[in-house]
Amino acid sequence: MKLLKFEGVRVAGISVCVPDQVVENSQFGAAVFDGEELKKTIDSIGVFKRHIAPSNVCTSDLCFEAASTLLDCLAVNRDEIGAVIFVTQTPDYHLPATACVLQDKLGLPKQTIAFDINLGCSGFVYGLSVVFNLLNQRTITKALLLVGDTASKCVSPLDRSSNLLFGDAGTATLVEADSDTSQVYCTLSSDGSGYKSLIIEGGAYRLQSSSSTLEVREFDSKNKRSLENLYMDGPDIFNFTIREIPKDILGLLNATNTDFKEIDLFFFHQANKFMIDFLARKLKIPVEKYPLSLKDYGNTSSASIPLTIASARDSFMNGKVKAVLCGFGVGFSWGTMLMDFDGCQILPIKTY
Amino acid sequence: MKKSVFFTELKDALMLEDDSINESTQVRLTSLSTLGVIAFIDENFNKQVKAADLREVKIIDDLINLIGPENLVA
């Protein structure tokens, strides 16, 4: 395990924006599940409703709203922002990088470093580590990390393995240099042998878009999707998660001489309730220490950790919070971060 | 683990409605019940079975072979 250490950086604020359109799973799922099966599935994944972006709303629009609100509420001069990093797997275009579009739209200076990172479930932790590294340059004092996805657009409504799971959200996190902060520790890992377990196979350059990739076919267990829809092998991902994540979290805490009891809150990627409850049981984390946002928002891919932080904002009102953030999934890619939230402004979740 | 306890708890993991199950009971694993079985085996036998192996399971006895029959007592 490679331990990364960051000093003199802090998360100053988090803002989240979700589409105002809400889908109730009990109604949405009725077309492809029978009654009892639908109830069992909803109870197991823990997703009762999801916010879904209409076709004319992109991830960047949700992140733009979140970022604008955050900069305004924290009274940050846009000229102070030295970098804007956009983490998503649902960009506006194949090219250019959406971060460049957002730099201009947000009115950030031309000296702003802007680029995209193509990661999903682990994206918030990876994104923070990249931004923390940039802030080590003394010339950058503030940076925006924009993280979000509109994964619902990629899912076939006839694919029962994923059609009730994914919601959409965009988030903005303001990170700043601050010499008076505690150290942040992080591990980042990858296992590309699992790349086929969560994939949109068609529509990019390995398998270019064609009538064949767009054709909806019946795959395993009567699930219907095209090669340009998301394919998810839940059991494979579960295997990966229970193999890697508990030892990653324990490894980070051991390497930093941190006692489990010191951790106020654990923020897991919101894969699904069954998986998170299992992880928590395995790690003996009490239920009050791992907030969930699945019930009202579903699995929002890269946005799920900041969204869960925002949904638990009351917990941050009474001073410093020592937290573990753990993102894991598509890639496979995973990252765990140990950090203190001290004076972080977490705004109420906004709809768009 | 006692075999009787195993059958009772496995029934829950498999989300089966049947009153009782035995070695020859047929198994049709869905995505969700596969997660349940992986979790059940991990928690009770400290063993990680691969999703790919579970796809080959037809009856309860196949599952017992994955766990290792020596881990169950009468």
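May I ask you to list the residues in region A:44-60 that are modelled with pLDDT of 95 or more and either more than 26 Å from the chain's Cα centre (by Cα) or within 21 Å of residue B:33 (Cα to Cα) (or both)? Answer for region A:44-60, where residues must be modelled with pLDDT of 95 or more and either more than 26 Å from the chain's Cα centre (by Cα) or within 21 Å of residue B:33 (Cα to Cα) (or both): A:45, A:46, A:47, A:48.
Condition check ((1) modelled with pLDDT of 85 or more; (2) of a type outside the set (S, T, N, Q); (3) within 11 Å of the chain's Cα centre (by Cα); (4) open to solvent by 10 Å² or more (accessible area, probe 1.4 Å)) across all residues:
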{"site": "B:12", "(1), (2), (3), (4)": "no, yes, yes, yes"}
{"site": "B:33", "(1), (2), (3), (4)": "yes, no, yes, no"}
{"site": "B:56", "(1), (2), (3), (4)": "yes, yes, no, yes"}
{"site": "B:59", "(1), (2), (3), (4)": "yes, yes, yes, yes"}
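Taking first residues from region A:233-246 that are of a type in the set (Gly, Ala, Ser) and partners that are part of a helix (DSSP H, G or I), the Cβ contacts under 6 Å between residues at least 6 apart in sequence or on separate chains come to A:234/B:31. Across region B:61-74, the qualifying residues are those that are open to solvent by less than 10 Å² (accessible area, probe 1.4 Å) and closer than 24 Å to residue A:277 by Cβ, and the one among them that is farthest from the other protein chains (Cβ to nearest Cβ) is B:67. Across region A:40-67, the number of residues qualifying as part of a helix (DSSP H, G or I), within 30 Å of residue A:144 (Cα to Cα) and either open to solvent by 20 Å² or more (accessible area, probe 1.4 Å) or within 14 Å of another protein chain (Cβ to nearest Cβ) (or both) comes to 3. One residue alone among A:242, A:200 is more than 30 Å from residue B:41 (Cβ to Cβ) and among the β-branched types (Val, Ile, Thr), and that residue is A:200.
The residues of region A:1-39 that are more than 30 Å from residue A:345 (Cα to Cα), open to solvent by less than 20 Å² (accessible area, probe 1.4 Å) and at pLDDT 95 or above amount to a single one, A:25. Among the residues making up region B:29-71, those that are touching a residue at least 24 places away in the same chain (Cβ under 8 Å) and in contact with an Asp or Glu (Cβ under 8 Å, 6 or more places away or on another chain) are B:36, B:40, B:44, B:59, B:60, B:61, B:62, B:64, B:66. Of all residues in region A:271-294, which are away from chain B (no Cβ under 14 Å) and not in a loop (DSSP other than H, G, I, E, B)? A:287, A:288, A:289, A:294, listed by residue number.
Evaluate the following for residue A:152: is it small (Gly, Ala, Ser) and in contact with a His (Cβ under 9 Å, 6 or more places away or on another chain)? So residue A:152 passes the test. Of all residues in region A:240-270, those that are within 11 Å of chain B (Cβ to nearest Cβ) and touching a helix residue (DSSP H, G or I) at 6+ places or on another chain (Cβ under 7 Å) total 4.
Residues that are touching a residue at least 40 places away in the same chain (Cβ under 8 Å) and closer than 13 Å to residue A:143 by Cα were ranked within region A:75-88; the one that is most open to solvent (accessible area, probe 1.4 Å) is A:80. Taking region A:34-82 as the range and being farther than 18 Å from residue A:299 by Cβ and of a type in the set (Val, Ile, Thr) as the test, the residues that pass are A:57, A:69, A:76, A:81. Each residue in region B:35-48 was checked for being assigned to a loop (DSSP other than H, G, I, E, B) and either open to solvent by less than 10 Å² (accessible area, probe 1.4 Å) or more than 8 Å from chain A (Cβ to nearest Cβ) (or both), and 2 pass.
Scanning region B:14-31 for residues that are within 29 Å of residue A:231 (Cβ to Cβ), open to solvent by 30 Å² or more (accessible area, probe 1.4 Å) and more than 11 Å from chain A (Cβ to nearest Cβ) yields a total of 2.
Residues that are surrounded by 13 or more Cβ atoms within 10 Å (Cβ to Cβ) and without any contact (Cβ under 8 Å) to a residue 24 or more places away in the chain within region A:186-208 comprise just one, A:207. For the condition among the aromatic types (Phe, Trp, Tyr), away from every other protein chain (no Cβ under 14 Å), assigned to a helix (DSSP H, G or I) and open to solvent by less than 70 Å² (accessible area, probe 1.4 Å), residue B:6 qualifies.
The values are calculated or read from the model by the stated rules, or taken from the named source; none is laboratory data. The model shown is predicted, which means the values in this text are computed figures rather than measured ones. Note that each Cβ is placed from the backbone with ideal geometry, even for glycine, and that neighbours are counted across all protein chains shown. Quick note on the areas: whole protein, heavy atoms, side chains included, nothing else; ligands and nucleic acids left out. Shrake-Rupley method; radii C 1.70, N 1.55, O 1.52, S 1.80 Å.
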